[in-house]
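Please treat every number below as a calculation from the coordinates, not as lab data. Remember, predicted model here, so these are calculated numbers, not experimental data. Backbone-built Cβ (ideal geometry, glycine too); neighbour counts: all protein chains shown.
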Amino acid sequence: MEFTKLFTQTEVERVHEASLEILENVGMLVRNEKALDIFAKNGCQVDMETMMVKFPRQVVEKARQTFVPSYTFTAQDPKFDVTMPGDRPIVVTGSSAPNIIDPKTGEERRATSSDIANIAYLINELPGFDVFSISTLADDAPEGQFSMSRFYPALKNCKKPVRSNTPNMDDLKTVLELGALIAGSEEAYRQRPFINHHYCPVVSPLTFDVESTEAVIYLIEQGLPVYGTIVPNAGMTSPLSLMGTLTLGNAEFLGLATLIQMIRPGAPMIYAVLSTVADMRTGAYAPGAIETGMMQMAHTEMARFYNVPSGGYIGLTNAHSNDAQSGYETGMNTTGALLAGADLFNMGGLLGSLMAFDFGKAVIDNEIALMLKRMKKGYEYSEENLCLDLIAKIGPGGSYMDTDHTMKNMRSIAVLPKVATREMRRRWEDQGKPDAHSRAMKEANKILSKPNKSRFTEELDTKVRGHFPGLVAGDVDWSL
Amino acid sequence: MVFQGIMKSIAAGDAEESLALTKRALAQGFSAEVVLEKGLIAGMDRVAEKFRDQRVMVPEVLMASRAMHAGLSLVEPCLKGITKKTTGKIVMGTVAGDLHDIGLSLVKMMVMTTGVQIINLGVDVTPKKFASVVHKEKPHILMMSALLTTTMTVMKDVIDELELLGIRKNLIVIVGGAPVDSGFAKRIGADYYFEDAFEVRTFIEENLSKIVKKSR
């Protein structure tokens, strides 16, 4: 499959050059001291007083030489391991929303650790999703267990790679302790690190954060999986032009990538973004806007120039219910990104620009994910697939319904959706005219009403609960 | 009339014009209070009204606010002592771990147009820092914001710190930011939550003098 190109080679190179100019002449404000030291030791001009760092172009170019083209998400169960670019597109849930749409009442409320357990199980079962990025916060977290109340229910109920962030180093280390406990030992965990860390260490414009940067440095030093997302917002934290925001975001990616490669040359990375254009009528954040998809496409083209996997939070929506807006915003933006060759889609389950998880939305996004994967699989060009012999055999006027060829392909050639209806109208009316959301909720209910076979064993659970006293229950608790 | 001119210059976001016309109004003998009320604040009110009807966009409001401030800088020193005392004081900042201050800056720009005194501590402000500034400056209002869902909980730490030092009582605590809502505000013991900078401005406009009077 050939990917969509928005720019000529000369234009791509100019964006790269312009990014180098920004890093060299404007520089970045680095609020983390360790990062300042690393930059200073590796040839950047660092002003320790003002925390300003300027990147000579050869320093960035040197870092570029050790970029690697692949990135792996490791899972508790090896059959769920996924690697980019080979397994592209990798579909991930959206993460860290404070709220959930209550599946019973349909009202928005704060999310809890039980909700996380339910979501984890659902994502484990939905085939379109490859990685579970912990979708919500846990409002019921006991004092001092902010992160444990998220990672424990997630890891307990989902064997796919789990991804999320932690607010500080203490939480990060506790979560890693949980990982080692599940793996059996620290060594075993390091061989298969199934917790995938994610941060937004760069706050646009051109500023390195304190805590997130600290976490990224630590994880890169430790050889554990981590990547960052670059999040410029045109009109607010970046220029109000697509080119300006692309270039600024690209410079920020290069700044972060340079830091990572200075610490551990060859460390895998993802060129991940959530570049948006603000709605200047109100200043509203608009991740569902079509420009988000356009920005992703352009960043992906830059990522291809650097030969690193690309993606980001793409396919988000501003809609507050699982409605048409939710569908077209997720659908259009992810389609654009896929055609441009993006590898990673942080897209599933969230409404209201990352504010609330919705079970129905997650099920519909699963179906969108399956469609994207179908598109990526593409035409499978081959002589055999031209079917010339078959066409000759059936001839004019016949039917292909009852051929072996059709029998062989009927379950694999088309996506067979569970939510999208293909019923005749009368039948649909007889069923009570269910819309896509209610059909999706029915699917969620079907999955979540069955016991979770992928849950921790009792033995492991006892061990974990013994090690971390006072943990939330972390079990699936579902009824509609 | 000169006030019409000031209002126009604010609507156009023309700081130079606003400054010149404010100067002219004062030279013509209008009192600082009158220039503030009938010129500067009236001009800003009109822009805010247009914004509510989506007839102007955010950058236009910010430019207007800037123009209003140009005039305000001339008027402020002339305001009589008594008016000054009632203007009130606000301390604001984003909480520790959070560098996202676009929302905070918007709030600051909007609230400044009410003439209130603002001490902006900027980003990544620790609970201890908030508390020590509140202790020293004795503001009427404390405003905190967070964008990250992982840092919003720090707001509670700030309130706890204030309680600990016994300086929470006569202080209005206002919280804001994308993941924050009124339920959250209530649970952590904050007094108010507002959805956007304009709601904050309206609240300050309507209640500041009451708050200031009450605290005296």
Open item on the list: Mean Kyte-Doolittle hydropathy of -0.5 or higher plus an axial Cα length of 30 Å or more: which whole DSSP H helices in chain A meet both?
Closed with: A:242-263
Open item on the list: Can you compute the equivalent ellipsoid semi-axes for chain B, i.e. the square root of 5 times each eigenvalue of the Cα gyration tensor, sorted largest first and rounded to whole Å?
Closed with: 32, 19, 13
- [ ] Would you work out if the stretch B:2-79 is rounded, prolate or oblate? Take a ≥ b ≥ c from the square roots of the eigenvalues of the alpha-carbon gyration tensor; rounded if a/c is under 1.5, else prolate when a/b is larger than b/c, oblate otherwise.
- [x] prolate
Task: Highest to lowest packing among B:44-54, A:357-367, A:252-262, scored as the average C-beta count within 10 Å - done: A:357-367, A:252-262, B:44-54
Task: For the stretch B:35-157, the spread of Cα positions along each principal axis, largest first, Å - done: 42, 38, 18
TODO: Putting +1 on Lys and Arg Cβ atoms and -1 on Asp and Glu Cβ atoms, find which of B:Gly115, B:Val47, B:Ala11 reaches farthest to the positive end of the dipole of the stretch B:1-146.
DONE: B:Gly115
TODO: Indicate the gyration tensor shape class of the stretch A:85-206 (rounded, prolate or oblate), computed on the Cα atoms with a ≥ b ≥ c the square roots of the eigenvalues: a/c under 1.5 is rounded; otherwise a/b larger than b/c is prolate and the rest oblate.
DONE: rounded
TODO: With everything on Cα atoms, drop me the angle between helix B:2-11 and the longest principal axis of chain B, reported from 0 to 90° to the nearest 10.
DONE: 50 degrees
Open item on the list: As a test of the definition: which semi-axes, in Å, follow for chain A when you take the square root of five times each eigenvalue of its alpha carbon gyration tensor? Largest first, please.
Closed with: 37, 30, 22
Task: Per-pair calculated FRET efficiency, R0 = 41 Å: A:Glu11 and A:Asp140 via Cβ, rounded to 0.05 - done: 0.20
Open item on the list: Output the 0 to 90 degree angle, nearest 10, between the alpha-carbon long axis of helix B:58-75 and the longest principal axis computed from the alpha carbons of chain B.
Closed with: 70 degrees
TODO: Please build a GNM for chain B, connecting alpha carbons under 10 Å apart, and tell me which residue among B:Gly166, B:Gly43, B:Gly13 fluctuates the most.
DONE: B:Gly166
- [ ] Kindly identify the stretch B:61-130 as rounded, prolate or oblate by the Cα gyration tensor criterion: order the square roots of the eigenvalues as a ≥ b ≥ c, call it rounded if a/c is under 1.5, otherwise compare a/b with b/c, prolate if a/b is larger, else oblate.
- [x] oblate
Task: 10 Å Cβ neighbours from other chains, averaged over peptide A:274-286 - done: 3
Open item on the list: With the cut-off at 19 Å, tell me which of the pairs B:Lys169/B:Lys213; A:Lys156/A:Lys463; A:Lys104/B:Lys156; B:Lys108/B:Lys136; A:Lys156/A:Lys453 have Cα atoms farther apart than that.
Closed with: A:Lys104/B:Lys156; B:Lys108/B:Lys136
- [ ] Mind pulling the angle between the C-alpha long axis of helix B:15-27 and the longest principal axis of chain B? Nearest 10 degrees, somewhere in 0 to 90.
- [x] 60 degrees
Open item on the list: From the gyration tensor of the Cα coordinates in the stretch A:327-396, what semi-axes in whole Å does the equivalent ellipsoid have, largest first, with each one equal to sqrt(5λ)?
Closed with: 36, 14, 9
- [ ] Please turn the phi angles of the stretch A:126-143 into ³J(HN,Hα) values with the Karplus equation 6.51 cos²θ - 1.76 cosθ + 1.60 (θ = phi - 60°), one per residue in order, whole Hz, x for glycine and proline.
- [x] 7, x, x, 8, 9, 9, 9, 8, 4, 5, 9, 8, 10, 5, 8, 4, x, 3
